[in-house]
Amino acid sequence: MDNELLKMRSESHRGGFGELGGEERGLIDRSFRERIIVVGLIDEEKSETSTRVELQELCRLVDTAGADVVDVVMQRRKSPDPATFIGKGKAREIYQLAESLDADTVVFNDELTPAQQFNLEKIFHRSALDRTAVILDIFAQNASTPEGKAQVELAQLQYRLPRLKGQGRDFSQQAGGIGTRGPGETKLEIDRRRLVRRVNKLQRQLKVVGAHRDNQSKRRRRSLNQSVAIVGYTNAGKSTLLNLLANSDAIVADRLFATLDPLTRRLQLPGGESIFLTDTVGFVQRLPHQLVKAFKTTLDVVIDADLLIHIVDCSQASPETQIDAVHNVLEEIGAGEVPEMLVFNKSDKFDPSQLLMEYPDSVAISAHSGAGIEKLLSAVADQLRSVWDVVELAIPFDKGDVLAQVHREGQVLGERVTEEKMFIQARLDTLSRSRLSSFLVESEGHDGI
């Protein structure tokens, strides 16, 4: 959403931002979109600035989910209320606001416990959802492959399962709207035992998919091609970059989480070597742990990568916050130690010189215009080669095919010719070094070039 829609006003009787109604934008047909009130909490653990940034992102998430934010409310408390998160008084105030604005749902920036959600819905007389439910809803709308749909359904069921208890006659949520769409929506009408069985079945299915992906990964590791994964905040330009580099057809859209399924393409680097380049699902701040667990098979491609290209939208107000959010997810999935290259995208919209100074080994590009792409490819090639071993090979003159293999698979650093052989100093990956082990100089006791 436009920043103008999030213009802060002085904290008044609502303690909020001011109305963000569709009348001001004039773009949304109210008869087809839900009306949402967004609520954020400022406490001792979260500053006002960070809360405002998160609320701005939540408004974008709500818009992506297909609803309209009609007001944004901020509440200050030392800590969340165990029963209603924001306190009964503030909850009743929001109920009156929802009635006056004809709002359908109240969405909270923080995750609600099942008890908090139940108590709030009794006060509001309408649905009370949290950030996690909105993100799950977006994933449900964007999932297109059988694997993606199974992953989203599993995440939805794991989120909803603890919220079934005590809902009684309000158990059904089939009225539609955010939080009720997707592959798991009909499962709200069955009992906990059948839900658990469904969860177990999905986990078994995804385990089979994971085994298949693991076999694919092993085949790639046995090949000559190294693996590079594109990671980053959602809508940072990952799919646009893949399409540009590998002449791919990945979906590109100016919306959050447009890409859920990994897409791998072969790419040839300037030195002639080929790599596997994979586009991955985008991250956001506090990506729901249910999604991280459910998308484990998809995210394994990140763990197995030789290098991560971390795309950052440098035109955003707080790129450092997005970098930290991506790093948190990488740590959570066990990819925190994978080598990473920061790439600041959209340099055609914002001057990244200050960011390049703060992150010296980073690269600035524009995936839209192609600016900086050659520098990026050279940097990727150098980074991949830097982890290769520097070895010396002694190749007889009648082994021209071996000489060509060295030039094709490695990076030649120096050559020296004698009467009997050619000595080559080169960087080679583990597989190439193993294949050329009979020509290694150290096995012959040679002193080197």
Candidate set: region 140-155, residues that are closer than 18 Å to LEU287 by Cβ and free of Cβ contacts under 8 Å to residues at least 60 places away in the same chain; chosen: the one farthest from the chain's Cα centre (by Cα): GLU153
Which numbered condition ASN247 misses (of (1) at pLDDT 85 or above; (2) over 19 Å from GLU147 (Cβ atoms); (3) among the polar types (S, T, N, Q)): (1)
Residue match in region 305-325 (condition: closer than 21 Å to ALA155 by Cβ and in contact with a helix residue (DSSP H, G or I) (Cβ under 9 Å, 6 or more places away or on another chain)): no
Any strands (runs of 3 or more DSSP E) falling wholly within region 339-449 and containing at least 2 residues that are within 23 Å of the chain's Cα centre (by Cα): 340-345
Among residues of region 82-103, those that are assigned to a helix (DSSP H, G or I) and either in contact with a strand residue (DSSP E or B) (Cβ under 6 Å, 6 or more places away or on another chain) or within 15 Å of VAL70 (Cβ to Cβ) (or both), counted: 9
Among the residues listed as ILE365, ILE424, ILE395, the single one being surrounded by 17 or more Cβ atoms within 10 Å (Cβ to Cβ), assigned by TED's automatic domain parsing to the domain that holds THR278 and touching a helix residue (DSSP H, G or I) at 6+ places or on another chain (Cβ under 9 Å): ILE365
Residue under evaluation ALA371, criteria (1) farther than 30 Å from ARG286 by Cβ; (2) surrounded by 17 or more Cβ atoms within 10 Å (Cβ to Cβ), criterion not met: (2)
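Specify the residue that is surrounded by the most Cβ atoms within 10 Å (Cβ to Cβ); the eligible residues are those in region 112-154 that are acidic (Asp, Glu) and at pLDDT 90 or above.
Here is the first cut: in region 112-154, the ones acidic (Asp, Glu) are 121, 130, 137, 147, 153.
This time we only want the ones that are at pLDDT 90 or above, so: 121, 130.
Working: GLU121: 18, ASP130: 25.
Here the residue is ASP130.
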Filtered residues of region 104-143 (kept if closer than 15 Å to VAL73 by Cα, part of a loop (DSSP other than H, G, I, E, B) and out of contact with any Phe, Trp or Tyr (no Cβ under 9 Å at 6 or more places or on another chain)): ASN109
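The values are calculated or read from the model by the stated rules, or taken from the named source; none is laboratory data. This one's a predicted model, so the numbers in the text were calculated from it and none came from an experiment. Neighbour counts run over all protein chains shown; Cβ positions are idealised from the backbone, glycine included.
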